[in-house]
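The structure appears right after this line, and notes come after that.
The values are calculated or read from the model by the stated rules, or taken from the named source; none is laboratory data. All figures in this text were calculated on a predicted structure; none of them were measured in a lab. Heads up, the Cβs are rebuilt from the backbone with ideal geometry, glycines too, and the neighbour counts pull from every protein chain shown. Quick note on the areas: whole protein, heavy atoms, side chains included, nothing else; ligands and nucleic acids left out. Shrake-Rupley method; radii C 1.70, N 1.55, O 1.52, S 1.80 Å.
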Amino acid sequence: MSPGEPRTPVRFDVLGPLTARDPADRPIPLRGPRHRALLARLIIARGRVVPLPRLVADLWPEPPASAVPTVRTFVAALRRALEPDRPPRSPARLLVTEGPGYALRAEADAVDARRFERAVASVAGAPATEAFDSLREARGLWRGPALADFTGEPWARGERLRLEELRLHAVERWAAAGLELGRAAEAAADLAAHTEAHPDREEGWRLLSLALYRSGRQGEALGVLRRARSALIGEFGVDPGPALRALETDILHQAPHLTPAPGAGTTAGAAGDPTERLWASATAAWDRTVPAGARARLESTAGLLRQLALTGPRGLPEARRHRWSAVEAAEELGDPELTARVIGLYDVPALWTRLDDPGRAARVVAAAERTLAALPAGTRETVRARLLATIALESRGTTDGRGTRAARETEAIARRSGDPGLLALALNAVFMQSFHRPGGAGHRDAVGAELVRLSARHGLLAHEVLGRLIRLQARAALGDPAGAEEHAAAADRLAERHELPLVRVFTDGWAALRVAEAADPGDPASVERAERALRAAADRRAGCGMPGLEEGLRALSLVALRVALRQPPRPSDHTDPGPHRAWIRPLLLASAGRTTEAVAALRAAPDPPPGATAEALWCLLGRAAVLAGDADTARRVRRALAPAAGEVAGAGTGMLTAGPVDDHLADLADPADLAGSAGSGADAFSGPD
């Protein structure tokens with residue numbers, strides 16, 4: 001054979017089960033499993049000689065005495081199969097004897113794995129069109145896991161891992177090229193399976209989220225990043241890298257650079273997008289047809305604001321602002337029934353117990369009460385029920401009792417009416433008015449369960465998600481992380497499918513809480529990991545459109561964690577305590593040994609307002625009372641916390657923890673013992689700083 005002549009036309013495939021094919025593309029029989037293993041071992045040696053003792057050791061865990069002659073028999077059988085036309089006693093050209101062993105002298109193009117490697121290497125720096133086509137063809141070479149017949153063989157492990165890593169890189173490079181070409185939907189389909197099978201691949205998560213965003217599926221894109229965070233933290237104990245964090249920020253702010261250049265494919269919101277054309281056409285027709293002063297326009301606007309509130313961080317504040325304008329406009333028309341409909345149409349599910357804009361909420365409550373009083377006799381009670389629900393929802397966190405009474409009356413009317421939408425709204429009101437004292441997680445769990453069943457049965461998507469989030473919080477408060485995680489995952493799935501990005505604010509907070517609850521007070525690295533998770537969750541909440549959720553929660557979550565771990569707060573923990581200042585300050589003073597000031601601050605601190613953070617705030621006061629030796633405050637805290645026995649303080653937020661309530665009650669069990677502990681300061685905390 002001349003030097004320039006190809007050495008063999010036989011082809012070998014290892015990207016799946018091992019096969020060999022002759023020049024006519026017919027399969028070559030390879031006899032028994034050790035014949036096949038010997039051939040595969042020589043293929044992955046890439047033309048290098050494998051010594052006979054090495055082959056013996058690889059083929060048998062405990063080689064028999066006849067191993068060496070048996071290998072030679074295998075070689076002879078393989079030579080006959082691979083070169084059936086070779087004349088007797090002529091030297092082998094493919095499976096050759098060389099020095100102390102054997103080598104397979106196959107050309108690189110004869111082995112599918114070598115062709116795949118070359119294709120992947122060739123697209124480095126290549127244009128997107130070339131890379132997309134080349135990698136699609138290269139990926140077609142795979143018929144299953146590399147060396148699929150030899151998954152348990154130690155000699156195959158390194159090569160299998162190397163080829164699999166190369167395949168994963170090819171999937172991601174192909175997807176990136178597809179995104180450059182505007183083929184986002186096609187890339188997303190492959191990347192979904194890719195990330196499901198390989199949750200540790202951050203680049204896969206990043207590309208999938210970007211592909212969904214460019215396909216007009218912003219909610220799903222954010223949901224993917226939430227799943228990535230859960231997988232990385234929960235399964236691997238690491239936070240998402242800077243690329244994932246940056247993409248999340250960019251999606252939340254709809255950064256222009258996420259949209260490909262014109263001509264690169266259709267993107268959400270791009271000029272010429274079919275949905276945008278439809279919207280523009282429909283709104284133009286509405287403006288031409290419906291007079292500006294028509295009542296139909298006002299009611300439709302109120303309904304539109306409900307949808308706007310569900311769209312995310314930008315839509316929610318705008319919806320709140322315009323809602324009050326709609327209510328004012330309705331009242332100016334002097335039609336109480338119209339005003340009742342405009343107020344009642346805004347049935348946006350509410351989960352967080354602190355109001356985003358207390359002043360505007362108070363004005364809405366006053367308008368609802370005026371409308372109730374002005375409704376003519378004979379008005380349907382369902383109209384009244386929606387006004388009562390509004391009063392209950394918009395007066396959450398207050399202590400005058402009118403919100404609680406309104407919620408009860410709403411629920412009674414809703415159950416009589418048989419209207420599932422009204423009952424869902426009433427259950428939301430009942431939930432919001434269930435925080436009149438600490439504890440009650442079991443009751444809220446039951447409310448959430450009914451809301452999930454009702455909403456799923458009647459297609460009330462937004463309230464089904466609300467029910468899941470209520471149950472997430474309740475199960476967390478009841479010390480059932482598995483149950484909470486089940487509802488978080490269900491809420492995420494619904495939010496991804498229906499583009500409800502605000503859901504992730506809560507499920508993301510739950511992911512951070514899981515890390516916090518796993519913190520070991522004796523392991524500084526574990527504590528730091530928990531604090532880092534809480535800070536990161538707080539940073540991601542910035543700009544979510546819910547000031548009542550954002551303000552001061554970072555400080556409270558960090559201070560509460562230190563209380564749960566029986567460690568003094570760090571100086572940086574209490575940056576901007578916001579509305580929680582009155583309950584954080586006594587603890588800071590007491591932990592610094594400033595007892596007199598701490599006791600004064602404790603006596604001045606009001607009862608925490610009704611809401612999801614109340615138990616945690618009471619626990620902060622209780623810890624400060626123990627440190628400062630304030631028996632009176634200790635008794636006050638113990639009485640307040642008693643109904644929450646058996647729950648986890650703060651976990652009802654789904655975002656923070658101050659530890660089991662029972663531990664705090666035990667610390668406060670005999671306030672008389674505190675008289676001698678005044679001045680003990682930070683020494684009263686156990687554990688390292």
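Just a few scattered comments:
- Within the range 489-521, the set of residues being in a loop (DSSP other than H, G, I, E, B) and open to solvent by 60 Å² or more (accessible area, probe 1.4 Å) comprises Glu499, Ala518, Asp520.
- If you go through the range 434-450 and pick out every residue that is assigned to a loop (DSSP other than H, G, I, E, B) and either open to solvent by 20 Å² or more (accessible area, probe 1.4 Å) or in contact (Cβ under 8 Å) with a residue 60 or more places away in the chain (or both), you end up with 6.
- Whether a residue is at pLDDT 95 or above, crowded, with 22+ Cβ neighbours inside 10 Å and either touching a helix residue (DSSP H, G or I) at 6+ places or on another chain (Cβ under 8 Å) or under 27 Å from Ala484 (Cβ atoms) (or both) was assessed, and Leu674 does not pass this test.
- Being in contact with a His (Cβ under 6 Å, 6 or more places away or on another chain), touching a residue at least 40 places away in the same chain (Cβ under 8 Å) and either open to solvent by 20 Å² or more (accessible area, probe 1.4 Å) or not basic (Lys, Arg) (or both) holds for only one residue in Leu393, Leu305, Leu316, and it is Leu305.
- Here is the figure for the range 399-433: residues that are part of a loop (DSSP other than H, G, I, E, B) and buried (at least 22 other Cβ atoms within 10 Å of the Cβ) total 1.
Per-residue answers, yes or no, for (1) more than 15 Å from Leu620 (Cα to Cα); (2) in contact with a helix residue (DSSP H, G or I) (Cβ under 7 Å, 6 or more places away or on another chain); (3) open to solvent by 60 Å² or more (accessible area, probe 1.4 Å):
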{"position": "Glu528", "(1), (2), (3)": "yes, no, yes"}
{"position": "Pro568", "(1), (2), (3)": "no, yes, no"}
{"position": "Ala582", "(1), (2), (3)": "no, no, no"}
{"position": "Ala598", "(1), (2), (3)": "no, yes, no"}
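- Residue that is nearest to Phe12 (Cα to Cα) [pool: residues in the range 113-137 that are part of a loop (DSSP other than H, G, I, E, B) and open to solvent by 20 Å² or more (accessible area, probe 1.4 Å)]: Ala124
- Every pair of residues 6+ apart whose Cβ atoms lie under 7 Å, when the first sits in the range 215-226 and is of a type outside the set (A, V, I, L, M, F, W, C) while the second is outside any helix (DSSP H, G or I) and buried (at least 22 other Cβ atoms within 10 Å of the Cβ): Gln218/Pro501; Gly219/Leu500; Gly219/Pro501
- Arg360 vs. criteria within 23 Å of Ser434 (Cα to Cα) and either open to solvent by 30 Å² or more (accessible area, probe 1.4 Å) or at pLDDT 90 or above (or both): yes
- Candidate set: the range 635-660, residues that are of a type in the set (A, V, I, L, M, F, W, C) and in a helix (DSSP H, G or I); chosen: the one surrounded by the fewest Cβ atoms within 10 Å (Cβ to Cβ): Ala642
- Matching residues, the range 146-167, being open to solvent by 10 Å² or more (accessible area, probe 1.4 Å) and under 23 Å from Val123 (Cα atoms): Glu159, Arg160, Leu161, Arg162, Glu164, Glu165, Leu166, Arg167
- Among residues of the range 21-69 being in contact (Cβ under 8 Å) with a residue 24 or more places away in the chain, among the β-branched types (Val, Ile, Thr) and in a helix (DSSP H, G or I), the one that is nearest to Leu94 (Cα to Cα) is Ile43.
- Flag for Leu222 being modelled with pLDDT of 85 or more and not hydroxyl-bearing (Ser, Thr, Tyr): yes
- Looking at Arg115, Arg86, Arg136, just one residue is under 20 Å from Leu39 (Cα atoms) and under 44 Å from the mean Cα position of the chain (by Cα), and that residue is Arg115.
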